[in-house]
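Undergrad: My questions will all concern the structure given below.
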Amino acid sequence: MSDLKFEVDIESLSRELNIFKEDVMKDVQEGVSGLSRMTFEKTKELANDELGSLSELYIEQLEWNEVDPTLWVVTLKEPALWIEEGRKSGFMEELLRGKSAKQGKNGKYAVIPFEHNKNPSKQSSKSRELAGQIRDELKKENVNWKKIETDESGSPRVGRLHTFNFDIPRLKEKHKTSPGQGVAVYQIKDETGKVQKHIMTFRVISEKHREEGLWNHPGRPGDKLLDKAFDWAMDTWEKEILPKIYEKHK
């Protein structure tokens, strides 16, 4: 995990204002609590603005917690640390450390879901290209990309509706399975009871793929969003929140 920590020296602040620490404590706590929440939201904003297809994963792994009345922490959990800190090229071992990973007779493995009809802004250029190819193949099968399919009574059908094996050219990356194999169409009720359509494929990564040269990442620099959010928090504290505290206690 990676934590964003911002510390305030209340002792020094109370001496500078020439008032008792207890008198300024409440205002500082309220200010830092509000700032920590604002910083959490700022980090999500940066993720949406800068990460493209990786923003969803990053935001899912971002947390804001009150540890005690004087300590609030913004935390990025391990599955998204490679986005924050960067990663070397090579085998995508981080996928075998997720919650979905299991122990098999030949080592660890994980089933990785790929949703092809999600918002294009949440997809990489290669994912958008593949989604377009799958959409074209589904059209040939008279399967609508977005429209909810219904039964004879007009009620939405729920569950796995279709499975196809399409002849889609392999991507440049080395994979055992063609990207058009095992395309499945699901309709599932969400938390509100609304039926959503999902176009999915599922692929398996295992430890043996390391030696086979599969599931290799080309490498990438870190985006350092927590550093950017920290700089924003410092600037906000010094220019907005702290002056209000000074003004109140002068």
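The values are calculated or read from the model by the stated rules, or taken from the named source; none is laboratory data. As the structure is a prediction and not an experimental result, all values here were calculated from the model. Counting neighbours? That spans all protein chains shown, and the Cβs are built from the backbone with ideal geometry, glycine included.
Undergrad: Being β-branched (Val, Ile, Thr) and under 22 Å from VAL143 (Cα atoms) is the filter; apply it to segment 191-213 and report the residue that is surrounded by the fewest Cβ atoms within 10 Å (Cβ to Cβ).
TA: VAL195
Undergrad: Let me ask something else. Residues that are surrounded by fewer than 17 Cβ atoms within 10 Å (Cβ to Cβ) and either modelled with pLDDT under 90 or over 15 Å from the mean Cα position of the chain (by Cα) (or both): find the strands (runs of 3 or more DSSP E) completely inside segment 70-133 holding 3 or more of those.
TA: Strands (runs of 3 or more DSSP E) meeting the threshold: 102-104, 107-115.
Undergrad: Here's something else I'd like to know. Looking at this structure, is ARG220 loosely packed, with under 15 Cβ neighbours inside 10 Å and out of contact with any Gly (no Cβ under 9 Å at 6 or more places or on another chain)?
TA: no
Undergrad: Still on this model: Considering each of GLU63, GLU149, GLU45, GLU41 in turn, give the residue that is surrounded by fewer than 17 Cβ atoms within 10 Å (Cβ to Cβ), at pLDDT 95 or above and touching a Phe, Trp or Tyr at 6+ places or on another chain (Cβ under 9 Å).
TA: Numbers: GLU63 fails: at pLDDT 95 or above; GLU149 fails: touching a Phe, Trp or Tyr at 6+ places or on another chain (Cβ under 9 Å); GLU45 fails: touching a Phe, Trp or Tyr at 6+ places or on another chain (Cβ under 9 Å).
After ruling out the rest, the residue left standing is GLU41.
Undergrad: Restricting attention to segment 29-68, which residues are more than 18 Å from the chain's Cα centre (by Cα) and of a type in the set (A, V, I, L, M, F, W, C)?
TA: Within segment 29-68, VAL32, LEU35, MET38, VAL67 qualify.
Undergrad: Okay, moving on. So, LEU161, is that one in contact with an Asp or Glu (Cβ under 9 Å, 6 or more places away or on another chain), modelled with pLDDT of 95 or more and not assigned by TED's automatic domain parsing to the domain that holds ASN48 or not?
TA: Judged against the criteria, LEU161 is a match.
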